[in-house]
Every structure is written in C-alpha cells, then in structure tokens.
1. Using the scaling law 2.2 N^0.38 Å as the reference, what is the normalised Cα Rg of region 7-311?
2. Applying a 10 Å radius around every beta-carbon, put 105-113, 273-281 in order of their mean neighbour count, most first.
3. Could you point to the residue in Phe184, Leu294, Ala261 farthest towards the positive end of region 171-296's charge dipole, with +1 and -1 charges on the Cβ of Lys/Arg and Asp/Glu respectively?
4. Assign unit charges at the C-beta atoms only (+1 for Lys and Arg, -1 for Asp and Glu), then state the dipole size of region 7-311 relative to its Cα centre in Debye, rounded to the nearest 20.
5. What translational diffusion coefficient, in µm²/s and rounded to a whole number, does the Stokes-Einstein relation yield for region 120-169 at 10 °C and a viscosity of 1.306 mPa s, taking the hydrodynamic radius as the Kirkwood radius over Cα pairs?
6. Going by average Cβ density within 10 Å per residue, which order do the peptides 318-328, 124-134, 92-102, 262-272 take, highest to lowest?
7. How would His183, His253 line up from fewest to most surrounding beta-carbon atoms within 10 angstrom?
8. In whole Å, what is the distance between the alpha-carbon centres of region 119-169 and region 265-293?
Amino acid sequence: MTPNLRTSYLGFDLRSPLVASAGPLTGELDGVRRLDEAGAGAIVLPSLFEEEVVEEEIQLNRALEQGADQFAEALEYFPAIPRLDTAFDRYIDHLARAKDLTEAPVIASLNAATGGGWVRYAELLEDAGADALELNLYRVAGDPTEDAATVEERDLALIRSVRDATTLPLAVKLSPYYSSFAHFAAAAVDAGADGLVVFNRFYQPDLDLETLDVVPRLELSSPGELRLPLRWIAMLRPQLGAAVSLAATSGVHSGRDAAKALLVGADVAMTTSALLRQGPGRLDAMLRELLAWLDAHGYESVAQLRGSVSHRNAEDPAAFERANYRRVLRSWNAGAAADGPGLPVG
Ligand SMILES: Cc1cc2nc3c(=O)[nH]c(=O)nc-3n(C[C@H](O)[C@H](O)[C@H](O)COP(=O)(O)O)c2cc1C
C-alpha cells in the first residue's frame, strides 16, 4: 500500500507535507502552476514588503499631483491616467490568480516596517482572500540601547496586534537569534501564532574590496543547514504540544531531508533553494523519495512518522544537548584530518 502523505498544517488538511516556501518561484504564476502539478501541499507567496508599497504610493501621488496647480481648463488636456498598479495591487492580483491555479492553500507572507503596517496589510490580505498569513519577522537587533526583553516584547506585541486584526490562520517565521528561543517560541504561540516556521535564513552582506561597497550576497542553502531547524523542532514539539503547527525551513533539499523534519515533529517541510536550483519539478521527485523512504521503513503514513523522534523522551533537554555536544566533539576523527592529530578535545 502506498504510504499516505496527508498532513495537517495551520488547520488545513494538506495532500502532502512538502510546502513551497516564500521565494521567486511562488511569485510567478508559471511557478505556482508547476508547483501545484508537482504536488506541493501549500504555497507561500513571497513577502509583501511595506516599504515597497509605500514608495510606490508616494511616487504615484507625486505623478497624480503634477499639474494640479495648473489652470483647471488645462487639466482636460492631460492624457487620461492609465490604471497605475501599486506593489500591493500586483500582490493581491497574483494571490487571486495563484488561488485559481491550485487547490492547495495559498499563504500570503508579510514583512511590514511599522506597527500600523502589519495590521493594515494583514487585514487587506485577509480581504483579498489569502488562505493564511505568514509573518516574516526578519530583523537584526543592532541597537545597543535595547535589551533582549524589549526586542522580544515588540515582536510579541506585533503578533498580538495582527492576531486581533485577522481571523486567518497565522504562522510566524522566526529567526534563531532570540537568546532564549524556547521561551520566545512559547510566547509567540501565547500571543496568537497558530504555527511557527523555523528558521528564517539571514543573508550576510559582503564587502567589495575594490569599491568598498556593501554588496548583497544571496547564496542558496545547503542540506547541512537543516540541522538547526531539526534540533529546535525536536525540542519544541513536546514543549508546545500537538496543536501548534511547526514548519521546517532551511536546508530541505530531498525527500530524506523532509523525512528527518517530520520525524522530529514538523508538520511540513518547506523548500525553496532546491527548487530554484533544480526547478519546481524537483518537488515531485522529493515526494517520491519520501514515499520510498516511508515504504522501506514500514511507515504507513506521514501521520505515523510525525514526531516519532523528538525530545519527548529526554527529561532534561539541556542535559541531553550537553551530552550530545561532548559526543559531537569526540566524534572528530583526527586520523582523517589532513593536518594530523591535535590536542584532545572534550
Ligand atoms: C531568492 C529567495 C527569495 C526569498 N524570498 C523570501 C521572502 O520574500 N519571504 C520569506 O519569508 N522568505 C524568503 N526566502 C526564504 C525562503 O522562503 C526559505 O525560508 C529559505 O530560503 C530557506 O529555505 P531553503 O533552504 O529551502 O532555501 C527567500 C529565499 C530565496 C533564496
């Protein structure tokens, strides 16, 4: 019997646990169509950035105001203003078309710059028909006058305000850079998040040594990056309970990677880099790899697999992590190193 791939995420019953995370492919209709054909369980659109919408609105207003100080009779000589779409109009247009192309839930992603922006655009995205909302909390805490509690409270207040403003299922995409991540994750759920997406990938800018300019460098992920979400999902699943949705993102490149994410307790495994490298059809191949793995290991369903390896059995996660740390350091094989053995570690 073919294993059953269905899973639940943010209250949706998904046909598969592989979700296309926010990225360029989900921002194109052809990408959405091909991801749907490949069997994506859900599709997360690229983030709507408040600054982009605001900048375009300002430019649009300037364009409309040009000539407003001319004589009224002169206005009729102006050519009719074509319909000018803002970034927001284009976003909701894409959302509507994407929804026409797939039965899978289409999740809008939002990255606002102001408290009011988070609420306003969350409401507008709900009105526009998004099935769920993912808050992309991408920020770098670089202000030395702000302590960790202040930074965290601002993020929690933001989640609360969006929760109050919309009835949409709400996921929050988090960075790992909270000093007490397990505490913050639980607080995010208390603030109203139905699910957590771990982890947002932080892009490190580079320096051009000729021009001394800061240059953006976007490198796609590698499978090794999955280990960070794996560790945290394994810890969070028993702490947060089964009702909270957990999505693994960063480093899911194969069906076996997806199996690992599900084993430690993720409800879905999200992927972008693998699809950008190999095309949307890669998702279908990943699903087949996952099916083959489930079959070979005697699992009848994703539901049976989910969370079967987590920290549930570790009474003290901190002690478990410490023991693992020592084990990892000792696992270094000095004989295999090119520069020979060094000091004993651990
Ligand atoms: C080119 C590109 C664009 C992305 N755009 C967004 C975005 O708009 N919003 C967001 O939350 N994540 C965005 N991401 C992050 C992905 O959704 C994903 O979380 C990250 O790439 C890690 O997953 P991966 O290892 O499968 O690539 C983007 C990633 C890439 C490579």
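1. Working: Rg = 21.2 Å, N = 305, 2.2 N^0.38 = 19.3 Å.
Dividing the Cα Rg of region 7-311 by 2.2 N^0.38 Å gives 1.10.
2. 105-113, 273-281
3. About the Cα centre, the residue reaching furthest to the positive side is Leu294.
4. Numbers: 25 positive and 46 negative charges, 329 e Å.
It comes to approximately 1580 debye.
5. On the way: Rh = 12.3 Å.
Rounded, D is 129 µm²/s.
6. Details: 318-328: 11.5, 124-134: 20.0, 92-102: 16.8, 262-272: 26.9.
Packing proxy ranking, top to bottom: 262-272, 124-134, 92-102, 318-328.
7. Numbers: His183 12, His253 22.
Fewest-to-most ranking of His183, His253: His183, His253.
8. The distance from the Cα centre of region 119-169 to that of region 265-293 comes to 28 Å.
All of the numbers you see were taken from the coordinates with simple rules; none came from a lab. Quick caveat: nothing in here was measured; it's all calculated off a predicted structure. For neighbour counting, all protein chains shown are included, and Cβ atoms are generated from backbone atoms with ideal geometry for every residue, glycine included.
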